[in-house]
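Written below as structure tokens is the structure these notes are about.
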Amino acid sequence: LRFSVTILGSGSAIPTLRRNPSAQYINIQERHFLMDCAEGTQLQMRRYEVPLQQLNAVFISHLHGDHYLGLMGLLSTMHLLGRRLPLQLYGPPELKEVIDFQLHVGRTTLGFPLNFIPLIKDETQDLYSDKMVEVKSFPLKHRIPCWGFRFNEKPFKRKIIKEKVIRHKIPVAWMKRLIDGEDYISEDGKLIANKALTEDPKRSRSYAYCSDTAYDESIIPNIRAVDLLYHEATFAEVLIKRAHQTFHSTAKEAASIALQAGATKLVVGHYSARYRNPDEIVNEARQVFSNTVAAEDGLIFNL
Ligand SMILES: [Zn+2]
């Protein structure tokens, strides 16, 4: 079962020929999510073969241009290509006005339902949930309201051991109760422990996205023990003052958050355009949290 994160933009602020600003494509068991949508994101989606018309939901972290200026273009392309599939859109409340105004002046009515769900300031929210996947949001600390997101697989069921249930002649009606963890009790009162009939389930995986944010320990409970954490690291340590002024993080700060949260792996990104390559950023982060990798456009993480 797939759980992958594709970096579509690893830079900040201004698009360059080397890096696009923020966007990521997240595929969890064939649910297709877009996290942020900077200018140029739809071209990045084509370049890295993201199924644009199959997107189920778009999440926008905040309304700085490098996180959402590509959204209107993406919606327009979906419309022009004849999309009918509904699209869920989660973002700051003002995003609805921005979209409605652009549709209004262009006298466009989208050919598909766009279901907008506003993020609530200073609150954690359960945004999306189905049988196998859930997405939650939580507040970050930035110059304007901004949210982080956590993507979780729900717990998997236990696995039936076929030979065992055949040998013990367990009735079919019991299979659902066995995968839910119940012990088997036969009609004449004989008990067989669940562990003798089933295997432990597959481990559930999780991913968290934190961009943009100043160093903020209050987010730690929301990202605890994630398998993969994306945390912005706009600056190296020498520019810590600049980071604090602009409500961004340094590489070491991002790494400290990953360490305290007990994340398995950290991806840093959202680099200031002054860094020609992210070596300085990633090396500083590794001094605090060794399992750190640098985001690059097109890089795919398979969990
Ligand atoms: Zn920002």
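Points worth noting:
- When the C-alpha to C-alpha distance is required to be over 23 Å, the pairs from Lys154/Lys176; Lys202/Lys265; Lys96/Lys131; Lys154/Lys265; Lys176/Lys265 that qualify are Lys96/Lys131; Lys176/Lys265.
- Whole-Hz couplings from phi, Karplus 6.51/-1.76/1.60, listed for the stretch 119-131; x for Gly and Pro: 7, 9, 4, 6, 10, 8, 9, 8, 8, 9, 7, 9, 4
- Here the peptides 49-61, 92-104 are ranked by packing, the mean other Cβ count within 10 Å, and the order with the highest first is 49-61, 92-104.
- Where the stretch 1-143 is the region considered: accessible area per residue in Å², 1.4 Å probe: 46
- Tilt relative to the chain, helix 94-105 - C-alpha long axis, 0 to 90 degrees, to 10: 70
- For the stretch 156-303, with +1 on Lys and Arg beta carbons and -1 on Asp and Glu, the positive-most of Val172, Ser218, Gln245 along the dipole: Val172
- Relative contact order of the stretch 169-303, pairs being alpha-carbon contacts under 8 Å that are 6 or more residues apart, as %: 20
- Put simply, the amide H of Ser249, placed in the peptide plane, has neighbours under 5 Å in Thr213, Thr234, Phe235, leaving out anything fewer than 5 places away on its chain.
- Stokes-Einstein translational diffusion, the stretch 10-129 - Kirkwood Rh over all Cα pairs, 1.002 mPa s, 20 °C, in µm²/s: 145
- On Cα atoms only, tilt of 71-80 relative to the major axis of the chain in degrees: 70
- Cross-link reach list, lysines versus Lys169, counting only Cα pairs under 23 Å and skipping chain neighbours closer than eight places: Lys157, Lys159, Lys190, Lys195
- Accessible surface of the stretch 167-264 [probe 1.4 Å, protein heavy atoms]: carbon and sulfur percent: 56
- Take every pair of alpha-carbon atoms less than 8 Å apart whose residues are at least six positions apart; their mean separation over the length of the stretch 1-107 yields a relative contact order of 22 percent.
- Volume per residue for the stretch 156-228 equals 116 cubic angstrom (convex hull of Cα atoms).
- Converting the Cα gyration tensor eigenvalues of the stretch 182-303 into ellipsoid dimensions via √(5λ) gives semi-axes, longest first, of 43, 14, 10 Å.
- P(r) tail fraction, the chain - alpha-carbon pairs more than 36 Å apart, %: 26
- Degrees separating the helix 279-288 axis from the principal Cα axis of the chain, which is the longest one: 50
- Phi to ³J(HN,Hα) by Karplus 6.51 cos²θ - 1.76 cosθ + 1.60 over the stretch 230-245, Hz, x for Gly, Pro: 9, 10, 4, 9, 5, 10, 7, 4, 4, 9, 4, 4, 4, 4, 5, 4
- Å² per residue, accessible surface of the stretch 178-269 at 1.4 Å: 42
- Our coupling estimate for the stretch 16-21, obtained by passing each phi through the Karplus curve with A = 6.51, B = -1.76, C = 1.60 and θ = phi - 60°, is 10, 6, 8, 9, 8, x Hz, Gly and Pro reported as x.
- Counting only DSSP beta bridges with both residues in the stretch 1-160, the antiparallel share comes to about 70 percent.
- Considering only Cα atoms, the convex hull volume of the stretch 251-291 works out to 58 Å³ per residue.
- DSSP beta bridges in the chain [antiparallel fraction, %, rounded to 5]: 60
- Beta bridges per DSSP with both ends in the stretch 72-157, % antiparallel, nearest 5: 70
- Using only side-chain charges placed at the Cβ, +1 for Lys and Arg and -1 for Asp and Glu, the dipole size of the chain relative to its Cα centre rounds to 860 debye.
- Cross-link partners of Lys141 among lysines (Cα-Cα below 19 Å; sequence separation of 8 or more within a chain): Lys121, Lys241, Lys252
- With every protein chain in place, the stretch 1-145: carbon and sulfur % of accessible area (1.4 Å): 53
- The protection proxy used here, the mean number of other Cβ atoms lying within 10 Å of each residue, ranks peptides 213-222, 267-276 as follows, highest first: 267-276, 213-222.
The values are calculated or read from the model by the stated rules, or taken from the named source; none is laboratory data. Bear in mind that the values here come from a model prediction, so they are computed numbers and not experimental data. Note that we place each Cβ from the backbone using ideal geometry, even for glycine, and neighbour counts take in every protein chain shown. The protein model used for the area step is the full one, side chains on, heavy atoms only, and it has no ligands, DNA or RNA in it. Shrake-Rupley method; radii C 1.70, N 1.55, O 1.52, S 1.80 Å.
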